[in-house]
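Trainee: Before we start, here is the structure in question, set down as structure tokens.
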Amino acid sequence: ILGFSTPPGRLSMMAFILNALTCALGLLYFIRRGKQCLDFTVTVHFFHLLGCWLYNSRFPSTLTWWLVHIVCTALMAAIGEYLCMRIELREIPLNSAPKSNV
């Protein structure tokens, strides 16, 4: 069903790309570490590969399936790492201690 020439194929690919973007936000809220984003992204896509393999009873062999998932993996990892690094590099407030009345 994934293909560039048919409207359902293009719609499916756009759904995969939007899913990668929303999962990048999930990495920001659940992982919160830039160094771990690639690991979790590859793990999620590996489990998706296993699920597709079991569901279809055959290994995915179409070029468009692999291209879409490689692009989605790269998008999810890069955007997730960028968002996590922005949070990690915030300045730490130094004057957050309670003030004492002297």
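Trainee: State the number of residues belonging to segment 37-51 that are free of Cβ contacts under 8 Å to residues at least 12 places away in the same chain and either aliphatic (A, V, I, L, M) or within 20 Å of Glu88 (Cβ to Cβ) (or both). So that I can check it myself, show each step before the final result.
Mentor: Taking segment 37-51 as the starting set, the residues that turn out to be free of Cβ contacts under 8 Å to residues at least 12 places away in the same chain are 39, 43, 46-47, 50-51.
With either aliphatic (A, V, I, L, M) or within 20 Å of Glu88 (Cβ to Cβ) (or both) added as a condition, the list becomes 39, 50.
The qualifying residues number 2.
Trainee: Something else: Could you please tell me which pairs satisfy a Cβ distance under 7 Å, a separation of 6+ or placement on different chains, a first residue in segment 74-86 that is of a type in the set (Val, Ile, Thr), and a second residue that is buried (at least 21 other Cβ atoms within 10 Å of the Cβ) and in a helix (DSSP H, G or I)?
Mentor: Note: pairs meeting the criteria are Ile79/Ala24.
Trainee: Hey, can you tell me all the residues within segment 54-82 that are more than 23 Å from Leu2 (Cβ to Cβ) and open to solvent by 90 Å² or more (accessible area, probe 1.4 Å)?
Mentor: The answer is Tyr82, and nothing else.
Trainee: Okay, next question. Counting only residues that are open to solvent by 70 Å² or more (accessible area, probe 1.4 Å), closer than 22 Å to Met85 by Cβ and part of a helix (DSSP H, G or I), how many does segment 22-53 have? Spell out how you get there, then give the answer.
Mentor: First, the residues of segment 22-53 that are open to solvent by 70 Å² or more (accessible area, probe 1.4 Å): 22, 25, 29-30, 32-33, 35-36, 38-40, 42, 44, 46-47, 53.
Retained after the next criterion (residues that are closer than 22 Å to Met85 by Cβ): 22, 25, 29-30, 32-33, 35-36, 38-40, 42, 44.
Keeping just the survivors that are part of a helix (DSSP H, G or I) gives 22, 25, 29-30, 35-36, 38-40, 42, 44.
Final tally of qualifying residues: 11.
Trainee: With (1) open to solvent by 40 Å² or more (accessible area, probe 1.4 Å); (2) polar (S, T, N, Q); (3) touching a helix residue (DSSP H, G or I) at 6+ places or on another chain (Cβ under 6 Å) as the list, and Thr6 as the residue in question, which single condition is left unmet?
Mentor: Tallying (1) open to solvent by 40 Å² or more (accessible area, probe 1.4 Å); (2) polar (S, T, N, Q); (3) touching a helix residue (DSSP H, G or I) at 6+ places or on another chain (Cβ under 6 Å), Thr6 fails exactly one: (3).
Trainee: Within segment 9-18, can you find the residues that are under 26 Å from Leu83 (Cα atoms) and open to solvent by 80 Å² or more (accessible area, probe 1.4 Å)?
Mentor: Result: Met14, Leu18.
The values are calculated or read from the model by the stated rules, or taken from the named source; none is laboratory data. This one's a predicted model, so the numbers in the text were calculated from it and none came from an experiment. Ideal geometry is used to build each Cβ from the backbone, glycine not excepted, and the neighbour counts take in all protein chains shown. Calculation scope for accessible area: heavy atoms of the full protein, side chains included, ligands and nucleic acids excluded. Shrake-Rupley method; radii C 1.70, N 1.55, O 1.52, S 1.80 Å.
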